[in-house]
Ligand code: XMP
């Protein structure tokens, strides 16, 4: 049983960051909604209560039964968690009409405390809270303060509980808390006594044996997309069950130039049992005459399911559908805010398991994106696949704006190919998070030689981001943009203008549709 820390999520924007930091310390952790009942078992080494956008003073404040774990395993309350513990164990919290937000200097009162051990006496922390703790519960003591709050950190007095309760009113998980990582290290490694043995290699070993137990002699079918997640999921399953895994890679006619052939041959080179299915016409026929982005996405999702279903049904003994779901997708679905508003409906294979009557196996379900890449490297997937930019499921259908035609897809593919090749050649491909060419549905006047032209415009998009939720446009050097523009205009007949998108997300999005 893997030792783990449970992070109870009260909806803070930073909850995932706490999990990231613990994983960086090679400690396995899981985020669970605050409302989950906690059944302690020996694998649970400690519990962290996250922050929250709510106030503990609100009538509808999120409630939890602290008796489930207080004193039974080490506990760390962060912001809301700290205030909730103070209020519910007999202390007092003051509702404040302003937020304390930003950097603060924390002074440590108890330098020999195990949580603060090794930190500087004065250390910078990041505050983001409205309410503040006015009085501590009995049997608790202050261990650090700042100029504006007397209780920056407090703990249960030694001996009161079998396992200590620690509470902090700042966020150790954000990098502005300069020694936050040391504090978390002290909590998980020293106080909770986690070994720090969670690594991509240990994950691979453990998953392989778990997958073997789970799947037995059954067959698994998995849809490859060429992206990192489905590729790593396939390799992990392949290592576990070999040829019992059958992969399907569908060409929807909306991939990048030559992508289908290149990716298919690298999959074959890896020993994966993969069938490439050319279904270009099925997709493009259904998309003819459609210009609304959401309708385009839905059509692609539907045709994908039709094609996949037909192929999967032709295989023998298939009992499972493998998917490359990763942890951020899983966490989002248990957010205290409920399902997030659909801004763009993402193309996925929802509905497939029921249609095919298959069970689901998701070997990457507990991994963050960078961990998926590390696991992929451990499985010797080539860099070419591991370092690929994210690419949307509906592909160029949402990069050819408005109505799609074969010719427009070709213009987009050719321009994109020039763009991406130059980024690779100049070393910029690996410095940006995602890049691609977008074909605008307007024509404009130009001049080539002595001739007037009336052709399409390509918009170049390149962004820096961590997770695609927010993004900044990449500051590509002007000389490189100049080269990309002139190569596209000179080589791709049908394009006479190139523009660069300098919008940030939000309020813009990364894709234009
Ligand atoms: P937006 O445009 O919402 O994109 O800022 C954020 C990230 O999601 C990708 N994206 C999609 N991925 N199906 C996908 O699988 C989709 O329908 C889809 N729409 C956007 C986008 O490429 C970016 O990485």
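Read-outs throughout are calculated quantities, based only on the coordinates presented, and are distinct from any laboratory measurement. None of these values were measured; they are calculated from a predicted model. Cβ coordinates were reconstructed from backbone atoms using ideal geometry, including for glycine residues, and neighbour counts include every protein chain displayed.
Which order results if 370, 450 are arranged by neighbouring Cβ count within 10 Å, fewest first? Walk me through the numbers before you get to the answer.
Working: 370 13, 450 5.
Ordered from fewest to most neighbouring Cβ atoms within 10 Å, 370, 450 come out as 450, 370.
How high is the relative contact order of the stretch 162-244, in percent, counting Cα pairs under 8 Å that sit 6 or more residues apart?
The normalised contact order for the stretch 162-244 reaches 20 percent.
With r defined as the distance between the Cβ atoms of residue 103 and residue 37 and R0 fixed at 51 Å, what FRET efficiency is calculated, to the nearest 0.05?
Once rounded, the FRET efficiency stands at 0.85.
Would you mind pulling out the separation of the Cα centroids of the stretch 417-466 and the stretch 286-329, in Å?
29
Expressed as a fraction of 2.2 N^0.38 Å, the rule-of-thumb size for a compact globular protein of N residues, what is the C-alpha radius of gyration of the stretch 428-513?
1.19
Taking neighbour counts of Cβ atoms within 10 Å as a proxy for exposure, in what order, fewest first, do 1, 105, 366, 469 appear?
Details: 1 7, 105 13, 366 21, 469 10.
With the sparsest Cβ surroundings first, the list reads 1, 469, 105, 366.
Regarding the stretch 4-191, what whole-number volume in Å³ per residue does the convex hull of its Cα atoms give?
About 103 Å³ per residue, rounded to a whole number.
Quick one: angle between helix 200-215 and the longest Cα principal axis of the chain, in degrees between 0 and 90, rounded to 10, please.
Here the helix axis deviates by roughly 80 degrees.
Once both axes come from the Cα atoms, what is the angle between helix 293-313 and the longest principal axis of the chain, in degrees from 0 to 90, rounded to 10?
90
Over the stretch 4-191, what relative contact order in percent results from Cα pairs under 8 Å that are six or more residues apart?
Relative contact order, the stretch 4-191: 22 percent.
Using only the alpha-carbon atoms, how far is helix 478-491 inclined from the longest principal axis of the chain? Give it as 0 to 90 degrees, nearest 10.
30
Output the antiparallel fraction of DSSP beta bridges having both residues in the chain, as a percent to the nearest 5.
45
For the stretch 421-470, what is the convex hull (Cα atoms) projected area averaged across all directions, in square nanometres?
Projected area, direction-averaged: 5.1 nm².
Cα-based Rg (one decimal) and Dmax (whole number) for the stretch 1-92, in Å?
For the stretch 1-92, the Cα-based Rg and Dmax read 12.8, 40 Å.
Rounded to whole Å, give me the distance from the Cα center of the stretch 111-188 to that of the stretch 70-84.
Taking the Cα centre of the stretch 70-84 as reference, the centre of the stretch 111-188 is 11 Å away.
Taking N as the number of residues in the stretch 200-386, what is its alpha-carbon radius of gyration divided by 2.2 N^0.38 Å?
Taking N as the residue count of the stretch 200-386, the ratio is 1.03.
Over the alpha carbons of the chain, what is the largest minus smallest coordinate on each principal axis, giving the biggest first in Å?
Projected onto the principal axes, the Cα atoms of the chain cover 84, 59, 41 Å.
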